[in-house]
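A.B. asks: Can you keep this structure in mind? I'll have questions shortly.
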Amino acid sequence: MTVLYAVSRDARTKPFGPHVLDIDYGAEERRIETFLSQSVARGLNRRGVVVGVSGGIDSSVCVALATRALGASRVFALLMPEKEGSDDAMERAKRLCERLGVTYAIEDIGPTLAASGAYARRDAAIRQMLPDFGPGWRHKIVISGMFDRARIPHFHLVAEAPDGIRHTMRMPTDIYLQVVAATNYKQRIRKMTEYYHAERLNYAVIGTPNKLEYDLGFFVRGGDGLADVKPIAHLYKSQVYAMAAHLGVPEEIRRQPPSTDTYTLPQSQEEFYFALPYPQADLLLYAMNNGVPAESIAPALGLDLEQVATARADFAAKKKAAHRILRDAILITDSEVGAESPQADAVQ
Amino acid sequence: MDAFSDTTDELVATRESDEKTAAEDDVRNKVRVYILDSILLGTSEKLDDGASLLDAGILDSTGTMELVAYLEDAFGLTVFDQDIVADNLDSIDRICAFIQRAGKTAQQ
């Protein structure tokens with residue numbers, strides 16, 4: 001029998017578990033750096049890279065890898081705060097850029113967001129559910145119904161009034177869509193700003209998704225999904241953390257839990273999107289990508305078989321959505337307009 | 001007379017059952033038209049009453065929430081969080097059975 005997930009000797013002897021993600025980070029670092037310098041110089045014919053640095057783990061690893069690959073003088077970092085983002089994250093981003101010796105600019109995207117109506121459109125949508133919502137309130141969106149019988153995922157708004165009282169309400173579709181659409185201005189305006197600097201400098205734009213985000217569509221079309229080169233889109237989130245340690249990314253960045261830093265209440269990525277903490281989500285995705293059977297996945301994830309089936313179905317749906325977010329516009333010359341993934345199918 | 005009244009009872013029962021079937025057909029038709037017109041935008045699509053709408057990629061999570069809003073509006077139901085499960089919403093058959101159950105619960 002072929003053991004599809006046998007990436008190392010351990011994988012054959014140990015039951016399926018986090019060790020399947022173990023890689024040689026020194027070799028991987030060199031591989032990514034070669035890839036980056038070659039794709040920027042030859043594939044894209046650009047003179048350097050622009051990276052949006054958020055203070056989170058993914059963009060920190062990307063800017064560190066780019067600095068090693070191209071030299072600090074060919075990396076331009078952009079810090080793009082807005083009034084609802086984390087000040088601490090921006091401070092961490094600033095300290096990282098200074099430590100790496102890269103040039104950085106701070107672009108406050110708040111006024112552009114306000115002028116585009118991003119905050120006002122979002123708040124107007126929320127007020128349809130919660131008429132009192134306004135200044136002083138904080139909010140986030142959480143995903144519900146993932147592992148509770150075969151529930152279909154749906155979204156709740158959690159809003160906290162200035163007096164600290166929390167309201168949790170299921171979001172009607174039109175309100176949910178408007179809140180997300182308005183909030184996505186943040187990712188799109190950041191990307192516009194990155195391209196302004198990239199074109200000004202004749203640089204390429206680095207996209208910072210890890211494999212979990214890339215495969216499962218955790219990005220905005222025309223926003224953080226848009227880039228010229230994505231150097232860590234093949235690394236699972238746990239591998240990004242390990243790479244960060246290997247590269248000497250400061251501990252103050254490595255010990256932060258993954259956050260969206262998009263809504264005004266603290267929000268983890270799993271409560272908004274993945275529904276599983278990233279070490280489990282990594283393993284599930286790895287298992288799906290490598291044909292690991294449910295019987296091996298369940299004990300590794302601490303889930304029962306029914307929960308594994310539900311989670312796999314959810315991830316499969318997210319993979320489809322990821323393809324829709326990434327794909328080029330459909331042309332009349334595409335033979336099958338209804339086909340979900342003609343290129344991907346061909347590769348498989 | 002006894003025989004006659006038996007027949008009347010049967011007739012009444014038959015009529016009630018016919019009406020019930022007609023009402024069920026009406027619900028089924030409304031659901032089918034909603035999915036064909038609002039979700040599939042009128043593109044011709046073979047839609048089997050028992051087929052999984054999720055597996056066929058006809059309903060995604062946003063589509064499911066749109067369907068829930070439609071069911072609440074069109075049939076006066078309250079769909080609770082715990083009702084948003086594949087067992088209730090994943091095919092035309094399941095949706096119709098759910099509408100019946102939810103309608104009965106609401107009347108109680």
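The values are calculated or read from the model by the stated rules, or taken from the named source; none is laboratory data. Since the structure is predicted, the reported quantities are computational estimates derived from the model, not experimental observations. Note: ideal-geometry Cβ built from the backbone for every residue, glycine included; neighbour counts use all protein chains shown.
A.B. asks: Suppose we keep only residues that are without any contact (Cβ under 8 Å) to a residue 60 or more places away in the chain and β-branched (Val, Ile, Thr) within the stretch B:67-108. Which one would you say is nearest to B:Asp55 (Cα to Cα)? Spell out how you get there, then give the answer.
C.D. replies: In the first step, residues of the stretch B:67-108 are kept if they are without any contact (Cβ under 8 Å) to a residue 60 or more places away in the chain; the result is B:67-91, B:93-94, B:97-98, B:101-108.
Then drop every residue that is not β-branched (Val, Ile, Thr), which leaves B:68, B:78-79, B:84-85, B:105.
Numbers: B:Val68: 18, B:Thr78: 25, B:Val79: 22, B:Ile84: 16, B:Val85: 14, B:Thr105: 29 Å.
Here the answer is B:Val85.
A.B. asks: Testing B:Ile95 on (1) more than 10 Å from chain A (Cβ to nearest Cβ); (2) surrounded by fewer than 20 Cβ atoms within 10 Å (Cβ to Cβ), one condition comes back false. Which one is that?
C.D. replies: Result: B:Ile95 passes all but (2).
A.B. asks: Of everything in the stretch A:185-217 that's away from every other protein chain (no Cβ under 14 Å) and part of a loop (DSSP other than H, G, I, E, B), which residue is nearest to the chain's Cα centre (by Cα)?
C.D. replies: Of the stretch A:185-217, the ones away from every other protein chain (no Cβ under 14 Å) are A:185-215.
Okay, now just the ones that are also part of a loop (DSSP other than H, G, I, E, B), so A:202-203, A:207-210.
On the way: A:Asn202: 26, A:Tyr203: 22, A:Gly207: 10, A:Thr208: 7, A:Pro209: 5, A:Asn210: 6 Å.
Among those that are away from every other protein chain (no Cβ under 14 Å) and part of a loop (DSSP other than H, G, I, E, B), it is A:Pro209.
A.B. asks: Against the definition (in contact with a helix residue (DSSP H, G or I) (Cβ under 6 Å, 6 or more places away or on another chain) and surrounded by fewer than 20 Cβ atoms within 10 Å (Cβ to Cβ)), how does A:Glu306 come out, yes or no?
C.D. replies: no
A.B. asks: Using the structure shown, decide if A:Leu177 is free of Cβ contacts under 8 Å to residues at least 12 places away in the same chain and not assigned by TED's automatic domain parsing to the domain that holds A:Gln267. Explain how you work it out, then say what you get.
C.D. replies: Values: free of Cβ contacts under 8 Å to residues at least 12 places away in the same chain: yes; not assigned by TED's automatic domain parsing to the domain that holds A:Gln267: yes.
Considered against the rule, which asks whether it is free of Cβ contacts under 8 Å to residues at least 12 places away in the same chain and not assigned by TED's automatic domain parsing to the domain that holds A:Gln267, A:Leu177 comes out as yes.
A.B. asks: Here's something else I'd like to know. Quick check on the stretch A:260-282. Is at least one of its residues farther than 29 Å from A:Glu160 by Cβ, modelled with pLDDT of 90 or more and in a helix (DSSP H, G or I)? If you could, list the steps in order and put the result at the bottom.
C.D. replies: Keep residues of the stretch A:260-282 that are farther than 29 Å from A:Glu160 by Cβ, which gives A:282.
Still in the list and also modelled with pLDDT of 90 or more: A:282.
Add one more test, that the residue is in a helix (DSSP H, G or I), and what stays is A:282.
Looking through the stretch A:260-282, at least one residue is farther than 29 Å from A:Glu160 by Cβ, modelled with pLDDT of 90 or more and in a helix (DSSP H, G or I).
A.B. asks: Follow-up question, since we're still on this one. Among the residues of the stretch A:98-126 satisfying the criterion of being touching a His at 6+ places or on another chain (Cβ under 9 Å) and either assigned by TED's automatic domain parsing to the domain that holds A:Arg74 or among the hydroxyl-bearing types (Ser, Thr, Tyr) (or both), which is surrounded by the fewest Cβ atoms within 10 Å (Cβ to Cβ)?
C.D. replies: Checked the stretch A:98-126; the qualifying residue surrounded by the fewest Cβ atoms within 10 Å (Cβ to Cβ) is A:Ala105.
A.B. asks: If A:Val220 passes every condition in (1) outside the structural domain of A:Ala275 (by TED's automatic domain parsing); (2) buried (at least 19 other Cβ atoms within 10 Å of the Cβ); (3) in a loop (DSSP other than H, G, I, E, B) but one, which one does it miss?
C.D. replies: Condition not satisfied by A:Val220: (1).
A.B. asks: Can you say whether A:Ala93 is touching an Asp or Glu at 6+ places or on another chain (Cβ under 9 Å), assigned by TED's automatic domain parsing to the domain that holds A:Gly52, in contact (Cβ under 8 Å) with a residue 24 or more places away in the chain and aliphatic (A, V, I, L, M), as far as the supplied structure shows?
C.D. replies: Details: touching an Asp or Glu at 6+ places or on another chain (Cβ under 9 Å): no; assigned by TED's automatic domain parsing to the domain that holds A:Gly52: yes; in contact (Cβ under 8 Å) with a residue 24 or more places away in the chain: yes; aliphatic (A, V, I, L, M): yes.
Here the answer is no, as A:Ala93 does not meet what is asked.
A.B. asks: What residue, among those in the stretch B:92-108 that are at pLDDT below 95 and within 14 Å of the chain's Cα centre (by Cα), is nearest to A:Met171 (Cα to Cα)?
C.D. replies: Residues of the stretch B:92-108 that are at pLDDT below 95, as a first pass: B:100-108.
Next, only the ones that are within 14 Å of the chain's Cα centre (by Cα) stay: B:100-104.
Details: B:Gln100: 24, B:Arg101: 24, B:Ala102: 20, B:Gly103: 22, B:Lys104: 25 Å.
Checking each candidate, the answer is B:Ala102.
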